[in-house]
Amino acid sequence: MTLQRRLLIPLLIGVPLMWLAAFGYSVLHAGYEINELFDTQQVRLAQQVASVLPSANLLPTRLKAPVEATRGAADLDDLSIAVWDASGTKLLFDREGAQLPFVPGMHGFVDATIGGEVWRLYYLPSDDGTRVVAVGQELKERDELLTDLLKSQLLPWAVTLPLLLAVIALSVRHAVRPVRELAHDLESRGAEDLRPMHGNKLPDDLQPMLAALNRLFQRIGVALENERRLTADAAHELRTPLAALRAQWEAAQVAPSDEARKHALNQVGVGIERLSHLVVQLLALAGAESTQTTAMKQAVVWPNVVGNALSACLPMIETRGSEVEVHWPDDSAGAAAPLPLLGDETLLSTLLRNLIDNALRYSPIGSHVHVFFEPDRIVVEDQGGGVPAEQILRLGDRFHRAAGQSESGSGLGLSIVRRIAALHGLEVRFGNRMGAKEAPAGLRVEVRRRAGLVPA
């Protein structure tokens with residue numbers, strides 16, 4: 001159901017119902033007021049007649065009918081008067097008053113049927129008890145007045161209601177027009193059109209939705225750009241190992257001897273391993289790129305992360321005869337817990353695995369890799385030759401590898417580390433670990449909380 005219908009249906013149903021309720025209340029209230037008005041007239045007329053009775057020497061008299069007039073005649077015709085003595089003899093009456101019944105001892109209002117019509121009668125005895133005054137009125141007179149009054153009001157109300165409904169419908173349609181225009185703008189856009197939308201004409205209530213849409217477009221644009229860059233880089237990087245594999249395979253097919261064929265096949269195996277490593281790294285990078293920071297809600301248990309990372313690096317550790325030493329804060333000294341963090345343990349295992357893998361690859365065989373867990377950082381140090389100062393700033397760029405490296409690699413490991421760290425509000429710093437003779441003795445990588453962020 002559209003927003004316009006959601007607004008119109010309750011209004012178009014509710015307004016007539018409220019109109020009918022208001023009209024019903026008007027009928028009841030008008031009837032009450034008319035009855036009160038005429039009852040008051042009857043009481044006052046009876047009191048006025050009773051006040052002059054002691055000074056009057058009444059004989060049976062019939063009042064003359066009033067002269068017809070454009071104003072006031074209706075009031076005189078509506079009320080009938082009759083006066084009796086204590087024995088019930090009529091002393092004074094008008095034309096309709098002759099029909100009024102004498103009720104001994106009656107004082108106040110009473111409804112009676114006279115000549116087939118319902119009358120409202122008011123009886124008032126005189127102070128000395130020698131006279132009884134009665135003022136009567138047919139109830140149909142009151143009903144006619146109420147009907148005439150409501151008819152005079154019903155016509156304007158009946159004409160106003162359709163106009164009111166039309167105004168409501170037009171107002172609702174005008175109010176939701178910016179929403180229709182916004183929907184039309186979105187519908188007419190192409191899949192690649194992620195420009196921010198400008199809604200200066202939108203009401204203030206819709207501005208937050210427009211801002212949220214623009215932020216969504218921005219996130220989609222970043223995601224698409226990352227996907228394009230990843231696809232382009234992957235296509236470029238996969239071309240070289242595939243070409244090398246093809247060349248080695250062709251060399252194996254035309255090898256002049258078994259030894260040459262065996263060497264070529266060994267090179268094919270090395271190329272396949274390198275290609276497999278590249279694909280794994282590309283998949284890891286794609287997974288890190290697609291992860292949102294809103295998913296980082298679980299408290300990280302670092303021993304679990306370290307266990308997963310070391311299990312993944314165990315084949316290389318055994319092959320190279322190296323050791324990985326993990327240093328935890330000294331509990332006996334009351335040290336703080338290592339880097340409290342909310343995050344994804346799987347991604348953090350990938351981060352630590354890449355750092356340890358990188359340290360093992362570029363350290364001599366049989367060397368030691370040290371991993372330090374501190375309250376505000378994680379430090380990984382190797383025993384390689386370090387990185388030239390001009391190359392440190394480029395560490396972490398996609399597919400970048402320092403010149404002169406003999407180890408196979410894809411240049412994606414540190415890029416993955418940076419992306420996962422950014423998702424967790426961390427930053428990565430690279431630097432050389434200096435030896436005794438002020439010469440680089442290895443690479444030092446720090447993963448620490450970005451400045452200004454509160455620990456989880």
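For the reader, a short list of remarks on this structure follows.
- Annotation: peptides 27-40, 88-101, 346-359, ranked by per-residue average of other Cβ atoms within 10 Å with the highest first, follow the order 346-359, 88-101, 27-40.
- The simple spin-label model puts a point 7 Å past each Cα toward its Cβ; for Thr113 and Trp328 those points are separated by 10.3 nm.
- Note on Met18, Met197: ascending count of other Cβ atoms within 10 Å places them as Met18, Met197, the fewest first.
- Mean shadow area of the stretch 313-372 over all directions, Cα convex hull, nm²: 4.9 nm²
- Multiplying the residue separation of Asn214 and Leu186 by 0.36 nm and removing their Cα-Cα distance gives an extension gain of 8.9 nm.
- Between the stretch 349-399 and the stretch 210-225, the alpha-carbon center distance in angstrom: 34 Å
- Peptide packing: for 47-53, 339-345, the average count of neighbouring Cβ atoms within 10 Å per residue gives the ranking 339-345, 47-53, highest mean first.
- Relative to the current alpha-carbon distance between Val280 and Ile34, full extension at 0.36 nm per residue lengthens the span by 79.3 nm.
- For Lys201 and Ala389, a Förster radius of 51 Å and the Cβ-Cβ distance give a FRET efficiency of 0.35, rounded to the nearest 0.05.
- DSSP-assigned coil residues among trypsin sites (Lys or Arg not before Pro) in the stretch 139-211, each with at most 10 further Cβ atoms within 10 Å: Lys201
Any read-out appearing in this document is the output of simple, stated calculations on the displayed coordinates, not a laboratory observation. Only a predicted model underlies this, so the values are computations on that prediction, with no experimental measurement involved. Heads up, the Cβs are rebuilt from the backbone with ideal geometry, glycines too, and the neighbour counts pull from every protein chain shown.
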